[in-house]
Amino acid sequence: MSFSSLTSACSSLGVKSSSLIVQLGFHTAENNKFPGASVSSPKRTKIKKFSIACSSTDPLLVKAARGDPVSRPPAWMMRQAGRYMAVYRKLAEKHPSFRERSETTDLIVEISLQPWEAFRPDGVIIFSDILTPLPAFGVPFDIEEVRGPVIQSPIRSEDDLKALHPIDLEKLHFVGESLKILRQEVGGHAAVLGFVGAPWTIATYIVEGGTTRTYTTIKSMCHTAPNLLRTLLSHLTKAISEYIIYQVESGAHCIQIFDSWGGQLPPDMWEQWSKPYITEIVSVVRNKCPKTPLVLYINGNGGLLERMKGTGVDVIGLDWTVDMADARKRLGSDISVQGNVDPAYLFSPLSAVTKEIQRVVKCAGPRGHILNLGHGVLVGTPEEAVAHFFDVSKSLNYDGSSQNHSMEESKLLV
């Protein structure tokens with residue numbers, strides 16, 4: 001579909017922008033090696049350590065994550081590379097193993113850049129998985145087509161803990177190599193994003209042996225073998241901290257921590273079994289990479305917002321079930337937020353997508369907001385709608401006067 005009726009030239013940004021006038025306090029500006037797959041070992045390259053100091057040329061997303069003044073909200077999407085894109089599906093036919101696609105440097109780079117080449121988002125996230133580092137510290141896994149990730153030897157006893165060892169980052173060379181290339185490919189035009197799973201979320205897979213709907217094994221372990229679980233979580237905390245630092249030194253501008261299943265815990269349980277370990281990760285990374293923004297996302301986080309802020313991260317990722325205006329009141333203006341358009345909106349008429357983006361951005365306020373979905377892009381999402389999402393995001397321009405007001409005061413400008 002042509003967007004000629006919706007877009008106009010934006011000479012200052014060099015991108016297409018929606019011609020719709022936004023009257024919301026801002027205005028328009030113009031498998032182990034892979035079963036069934038033959039994989040050649042990629043050429044190993046020495047990873048250059050990137051500077052992590054602040055500069056005036058930091059990407060828009062990094063500035064927004066820190067709460068610095070920006071002209072518009074930067075935008076990217078969780079799962080922005082994936083099956084909704086025809087070009088990805090074509091590549092997946094040739095390389096059917098997910099682990100091949102996510103553990104081969106050339107394929108990681110190609111897939112990560114597919115949405116960048118199509119939509120020019122403000123963030124380019126590496127194509128990977130939160131389970132990718134597991135074999136590097138002693139937990140092999142497979143991915144089965146129907147069951148998803150499977151861990152044949154789950155950790156449920158003191159003896160099982162003996163399989164763990166310090167993380168061997170050399171076994172994750174493809175992550176470092178890919179981040180370096182992505183940083184070079186996008187230059188200063190977008191932020192390169194790395195990510196990890198939070199200790200609790202990773203532990204759910206390791207203890208349950210894969211995906212689960214009930215989490216009964218690991219939840220009961222909180223009471224029947226708390227010391228065992230604490231030992232596991234502590235080991236994961238150290239490994240994940242080192243993995244984050246490795247990603248930053250390989251070129252990542254920003255890191256998102258996914259505590260995907262933290263929302264399965266009651267708030268008081270999350271306070272005990274997830275928060276301390278995330279807080280420790282933040283502390284370790286801050287000491288080594290003080291200028292790298294950290295984002296924390298939990299699916300189903302409406303009851304955890306204030307507790308999430310207490311971890312010390314820079315940005316709270318909101319899922320779509322949280323009202324943005326309510327989240328801002330609860331979190332205050334001294335922390336950035338990310339989100340939180342319902343992914344299902346992208347199946348709606350484009351005019352509805354536009355209005356929802358405008359509503360979310362208005363409620364988030366003019367500083368410290370990264371526009372995103374409230375969850376990952378859904379399979380079957382029209383690429384046209386994703387393109388429109390990014391076109392609209394680039395059309396927004398905060399009212400200059402609102403940059404000098406608090407979140408609450410800026411609403412008076414509407």
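Cβ separations smaller than 6 Å between residues 6+ apart or across chains give the following pairs from segment 167-190 residues that are farther than 12 Å from GLU249 by Cβ to residues that are aromatic (Phe, Trp, Tyr) and assigned to a helix (DSSP H, G or I): ILE167/PHE137.
When we screen VAL337, VAL341 for residues that are of a type in the set (A, V, I, L, M), closer than 17 Å to CYS254 by Cβ and surrounded by 16 or more Cβ atoms within 10 Å (Cβ to Cβ), the only hit is VAL337.
Here PRO149, PRO140, PRO115 are screened, and the one residue that is touching a strand residue (DSSP E or B) at 6+ places or on another chain (Cβ under 9 Å) and outside any helix (DSSP H, G or I) is PRO149.
Annotation for segment 267-280: no member residue is touching a strand residue (DSSP E or B) at 6+ places or on another chain (Cβ under 9 Å), closer than 15 Å to GLY197 by Cβ and surrounded by fewer than 24 Cβ atoms within 10 Å (Cβ to Cβ). Given the criteria open to solvent by 30 Å² or more (accessible area, probe 1.4 Å) and either among the aliphatic types (A, V, I, L, M) or touching a Phe, Trp or Tyr at 6+ places or on another chain (Cβ under 9 Å) (or both), does LYS162 qualify? Criteria not met by LYS162.
Tell me whether segment 379-389 contains one or more residues that are open to solvent by 10 Å² or more (accessible area, probe 1.4 Å), at positive phi, at pLDDT 95 or above and not polar (S, T, N, Q). Yes: segment 379-389 contains one or more residues that are open to solvent by 10 Å² or more (accessible area, probe 1.4 Å), at positive phi, at pLDDT 95 or above and not polar (S, T, N, Q).
Only one of THR231, THR204 is surrounded by fewer than 19 Cβ atoms within 10 Å (Cβ to Cβ) and within 23 Å of GLN152 (Cβ to Cβ); which? Before you say what the answer is, go through the steps one by one.
Values: THR204 fails: surrounded by fewer than 19 Cβ atoms within 10 Å (Cβ to Cβ).
Going through THR231, THR204 in turn, the sole match is THR231.
If you go through segment 342-375 and keep only what is assigned to a loop (DSSP other than H, G, I, E, B) and over 25 Å from LYS63 (Cα atoms), you end up with SER348, PRO349.
VAL322 - would you say it is in contact with a Pro (Cβ under 8 Å, 6 or more places away or on another chain) and open to solvent by less than 40 Å² (accessible area, probe 1.4 Å)? No: the conditions fail for VAL322.
Of PHE141, PHE119, PHE127, which residue is buried (at least 17 other Cβ atoms within 10 Å of the Cβ), more than 22 Å from MET85 (Cβ to Cβ) and aromatic (Phe, Trp, Tyr)? Step through it out loud before you land on a result.
On the way: PHE119 fails: more than 22 Å from MET85 (Cβ to Cβ); PHE127 fails: more than 22 Å from MET85 (Cβ to Cβ).
Among PHE141, PHE119, PHE127, only PHE141 is buried (at least 17 other Cβ atoms within 10 Å of the Cβ), more than 22 Å from MET85 (Cβ to Cβ) and aromatic (Phe, Trp, Tyr).
Hey, among GLY188, GLY263, GLY176, which residue is in a helix (DSSP H, G or I) and open to solvent by 10 Å² or more (accessible area, probe 1.4 Å)? Explain how you work it out, then say what you get.
On the way: GLY188 fails: in a helix (DSSP H, G or I); GLY176 fails: open to solvent by 10 Å² or more (accessible area, probe 1.4 Å).
Of the residues listed, the single one that is in a helix (DSSP H, G or I) and open to solvent by 10 Å² or more (accessible area, probe 1.4 Å) is GLY263.
Residues of segment 144-154 that are surrounded by 12 or more Cβ atoms within 10 Å (Cβ to Cβ) and more than 27 Å from the chain's Cα centre (by Cα): SER153 alone.
In segment 299-309, how many residues are outside any helix (DSSP H, G or I) and in contact with a helix residue (DSSP H, G or I) (Cβ under 7 Å, 6 or more places away or on another chain)?
Within segment 299-309, the first condition is being outside any helix (DSSP H, G or I), and the residues that meet it are 299-304.
Subsequent filtering for residues that are in contact with a helix residue (DSSP H, G or I) (Cβ under 7 Å, 6 or more places away or on another chain) retains 299-301, 303-304.
Selection size over segment 299-309: 5.
The values are calculated or read from the model by the stated rules, or taken from the named source; none is laboratory data. All of these numbers come straight from a predicted model, not from anything done at the bench. Because the Cβ atoms are built from the backbone with ideal geometry, glycine has one as well, and the counts that use them run over all protein chains shown. Surface accessibility is based on the protein's heavy atoms, side chains included, excluding ligands, DNA and RNA. Shrake-Rupley method; radii C 1.70, N 1.55, O 1.52, S 1.80 Å.
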